[in-house]
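The values are calculated or read from the model by the stated rules, or taken from the named source; none is laboratory data. Everything quoted here is computed from the prediction, not taken from an experiment. When we count neighbours, we look across all protein chains shown, and the Cβ atoms used for this are built from the backbone with ideal geometry, even at glycine.
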Amino acid sequence: MQHEILLQLSPKDAAQSAAITDHIAIALGIPPSKVTGFHFIKKSIDARKRSVLINIKLRAFVDEPFYATTLPPFEFPDVSRSQKRTLVIGAGPAGLFAALELIQLGIKPIVIERGKDVRERRRDLAKLNRDGILNEDSNYCFGEGGAGTYSDGKLYTRSTKRGNVEKVLQLLVHFGADPAILYTAHPHIGTNKLPGIIQAIRQQVIDAGGEVHFNEKVIDLNIVNQRIQSVETASGKRFDGNNIVLATGHSAKDIYVLLHKKQILIEAKPFALGVRIEHPQSLIDSIQYHCPPTVQRDVFLPPASYQLVEQVNGRGAFSFCMCPGGIIATASTVQKELVVNGWSPSKRNNPFANSGMVVQVGLGDVLEGMRDEGKGTRDEGRGTRDEGRGTSLLLHHFQEAVERRAYEAGGGYFVAPAQRMTDFVKGKSSSTLPDNSYLRGVVPVNMKEVLPDFVFESLQGAFKAFGKKMKGYFTEEAIIIAPESRTSSPVRIPRDPETLQHPQIKNLYPCAEGAGYAGGIVSAAMDGQRVANHLSIFSAADNFSK
Ligand SMILES: Cc1cc2nc3c(=O)[nH]c(=O)nc-3n(C[C@H](O)[C@H](O)[C@H](O)COP(=O)(O)OP(=O)(O)OC[C@H]3O[C@@H](n4cnc5c(N)ncnc54)[C@H](O)[C@@H]3O)c2cc1C
C-alpha cells in the first residue's frame with residue numbers, strides 16, 4: 001500500500017533515510033521493516049519557531065515493492081530535414097527551452113548566439129574578475145546559456161500559471177540537475193553545476209538536427225512586407241527562417257536600439273533598481289535560525305536566506321535574488337558601465353550572504369526627474385533626447401546613466417562603489433569598508449552620488465524598516481555595493497496576447513525577459529516553451545508557407 005504522509009522532523013532526522021523510515025513507521029503504527037521505501041513530494045524549512053523544523057510531505061510504500069520515481073520519457077525527433085525552420089536569437093534559458101520545444105513540435109531551431117560556448121566563456125569571466133577586462137559579448141550575461149549559466153541557479157518562480165514549471169524542472173533533471181529540485185520548496189542548482197546542464201541541452205539540440213551558432217551577434221533584420229526575411233550578424237553572415245524567436249535577454253541593449261531604429265514598436269517598461277547588500281552569512285543564520293552569532297548553524301541546515309519587502313513613501317522596496325553563501329559579481333555587458341549581481345555555488349559555502357535591494361522605477365519618475373534641475377537628470381534624459389522619438393528608450397537610458405555613474409565612482413576596471421549600510425542610512429561616506437566577496441574590489445563612495453534621489457531615499461527608509469523586521473540585519477557589518485540595475489527589462493517588446501506575435505511583424509515572436517514577459521530562469525524557460533507552442537499553432541498557416 002502507498003500512503004501520503006506529512007512529517008515535521010529535526011534537520012538531522014530529515015537528512016537521514018533510516019530516521020525518516022522510523023518516523024514513517026511511527027506515523028503509521030507499523031514496524032519499520034514494513035516500509036519498503038518512500039518518495040519526497042515536498043520538503044521545506046520551517047524556521048518560525050526557536051527550534052527549526054523540516055516539513056516533509058512524502059509517499060511511503062508499505063508491504064509492497066518500492067519503485068523509484070522516473071521522469072517522463074522526453075523524446076526529441078530528428079528535425080534536420082524539417083522545412084519548418086525557426087531562428088532562435090539568444091541561447092539563454094528562453095532560447096534553449098524554446099529550441100527543445102520546437103524540436104518536440106517537429107520544427108528545426110537555428111539558435112544564434114552572440115557569445116561563446118560555456119567553456120570559452122569561463123575564460124572571459126576569469127579575465128573580468130582578475131583584471132577588470134570586459135568582453136562585451138562574453139560575460140555573466142552573454143554566451144551559451146545566457147544570464148542563466150553563471151547565475152545563482154535558484155529555480156523559484158511566481159509565474160506558475162504562465163506555463164508548466166514541472167516540465168522545466170524535469171527537463172533540467174533530464175539534462176543532469178539533481179532530482180531534489182523536483183521537491184524542495186526553494187530549488188537551487190548553483191553556478192558550478194549549471195554549465196554542464198547547459199552543454200547537455202545544446203548537445204540535444206544538435207543531436208536532433210537543430211543548429212547552434214556561437215559568436216554570431218545579430219545586428220540587422222531584413223524586413224520585407226512586414227516579415228523578417230533574414231537576420232544579419234556582425235560576422236557578415238545571413239540566416240533565414242520562417243519565424244524568429246527573439247530571446248535576447250534584458251541586457252541586449254543594442255537590440256532595443258535596433259528595433260527602435262527600424263521603427264518596430266517597443267515601449268518603456270517599469271523595472272526595479274537599487275543596490276546589492278552583503279552580510280556575513282553567520283549573521284543571517286543567527287537571525288533566521290535563532291542562534292547566537294558566535295554559534296555555528298546546525299550542520300544539517302543550509303545557509304539561511306531571507307525575503308524582505310516594504311512600502312516607503314508609497315513605493316515598493318524589496319529584496320531580490322538573495323544568494324546565501326554567495327559572491328557578488330560584475331554583471332556588466334558594456335565598457336564603462338557597472339552593474340552587479342549575485343551567485344552562489346551549489347554548496348553555498350562562501351562566508352557571505354548577498355541580496356539585491358531594489359525599488360520600483362516607472363516612467364513617471366524619470367520624466368519628473370528630467371523636469372527637475374537636480375543631480376543626474378540631464379544625464380538620465382540624454383539618450384532619449386538624442387533619439388528624439390518618444391519615451392520607449394527612456395528607462396533604458398536612465399538605467400544606463402546610473403551604471404555609468406557607478407563605474408566612474410568606482411574609478412574604473414569595474415571596481416565598485418561601496419558603503420556601510422549604517423552610513424548609507426546616515427547619508428555619509430564610510431571611512432572603512434567591511435570584508436566582502438566582490439572580486440574587483442570596492443572603494444568608499446556616498447551612494448547619494450550614484451543613485452537617483454528617490455531610489456536612495458526609498459532604500460534608506462527600507463533599510464531602517466528591515467532592521468526592525470530582522471533584528472541584527474541593520475548593522476555596520478553589512479556592505480552596500482552598487483548598482484543592482486538589471487532586475488528586469490526597462491523595455492517591453494509588445495506581442496499579441498493570443499498569438500504572441502509582434503503586432504507589426506507577424507513572424508517575430510518577442511520572448512521572455514528581454515521582451516518583458518519573464519523574470520528569472522524558470523519563467524524565461526517557460527516563456528520559451530510557450531512561444532514555441534504558439535508559433536507552431538499560429539504561424540502554421542501563413543509563416544511556414546512563405
Ligand atoms: C549573476 C546572475 C545571477 C542570477 N541568478 C538567478 C537565479 O538564481 N535565479 C533566477 O531565476 N534567475 C537568476 N538570474 C537571472 C536569469 O539568469 C535571467 O532571468 C534569465 O537568464 C533570463 O533568460 P532569457 O533567456 O530571457 O535571457 P538571457 O539569459 O539574458 O539570454 C539572452 C541571450 O541572448 C544573447 N544575445 C543577446 N543579444 C544578442 C544578439 N544581438 N545576437 C545574438 N544573441 C544575442 C545573449 O548573449 C544571451 O545568451 C541571474 C542573473 C545573473 C546575471
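Scanning the stretch 220-230 finds no residues that are at pLDDT 95 or above, near the ligand (Cβ under 9 Å from one of its atoms) and surrounded by fewer than 16 Cβ atoms within 10 Å (Cβ to Cβ). Among the strands (runs of 3 or more DSSP E) confined to the stretch 327-375, the ones with at least 1 residues that are more than 13 Å from the ligand (Cβ to nearest atom) are located at 352-361. If the condition is being surrounded by fewer than 18 Cβ atoms within 10 Å (Cβ to Cβ) and either touching a residue at least 60 places away in the same chain (Cβ under 8 Å) or within 12 Å of the ligand (Cβ to nearest atom) (or both), then the stretch 145-166 contributes 156, 158, 159, 162, 164.
Please verify whether residue 142 is part of a loop (DSSP other than H, G, I, E, B) and either within 16 Å of the ligand (Cβ to nearest atom) or surrounded by fewer than 24 Cβ atoms within 10 Å (Cβ to Cβ) (or both), treating the condition exactly as stated. For residue 142, the condition - part of a loop (DSSP other than H, G, I, E, B) and either within 16 Å of the ligand (Cβ to nearest atom) or surrounded by fewer than 24 Cβ atoms within 10 Å (Cβ to Cβ) (or both) - is met. Checking each residue in the stretch 100-117 for being within 11 Å of the ligand (Cβ to nearest atom) and either of a type in the set (A, V, I, L, M) or assigned to a helix (DSSP H, G or I) (or both) picks out 111, 112. Among residues of the stretch 243-261 being more than 21 Å from residue 110 (Cβ to Cβ) and surrounded by fewer than 24 Cβ atoms within 10 Å (Cβ to Cβ), the one that is nearest to the ligand (Cβ to nearest atom) is 251. Listed conditions (1) of a type outside the set (A, V, I, L, M); (2) within 11 Å of the ligand (Cβ to nearest atom); (3) at pLDDT 95 or above; (4) surrounded by fewer than 20 Cβ atoms within 10 Å (Cβ to Cβ) are all met by residue 120, apart from (2). Scanning for something surrounded by 21 or more Cβ atoms within 10 Å (Cβ to Cβ), within 16 Å of the ligand (Cβ to nearest atom), modelled with pLDDT of 95 or more and under 21 Å from residue 176 (Cβ atoms), does the stretch 80-92 turn up at least one residue? Scanning the stretch 80-92, I find at least one residue that is surrounded by 21 or more Cβ atoms within 10 Å (Cβ to Cβ), within 16 Å of the ligand (Cβ to nearest atom), modelled with pLDDT of 95 or more and under 21 Å from residue 176 (Cβ atoms), so the answer is yes. For the stretch 266-277, check the following and say yes or no: at least one residue is more than 10 Å from the ligand (Cβ to nearest atom), crowded, with 17+ Cβ neighbours inside 10 Å, β-branched (Val, Ile, Thr) and not in a loop (DSSP other than H, G, I, E, B). Yes: one or more hits.
Is it true that residue 324 is in the same structural domain as residue 417 (by TED's automatic domain parsing), within 13 Å of the ligand (Cβ to nearest atom) and touching a residue at least 60 places away in the same chain (Cβ under 8 Å)? When the stated conditions are applied, residue 324 does not pass them.
Within the stretch 394-415, the set of residues being over 22 Å from the mean Cα position of the chain (by Cα) and either modelled with pLDDT under 55 or assigned to a loop (DSSP other than H, G, I, E, B) (or both) comprises 411, 412, 413, 415.
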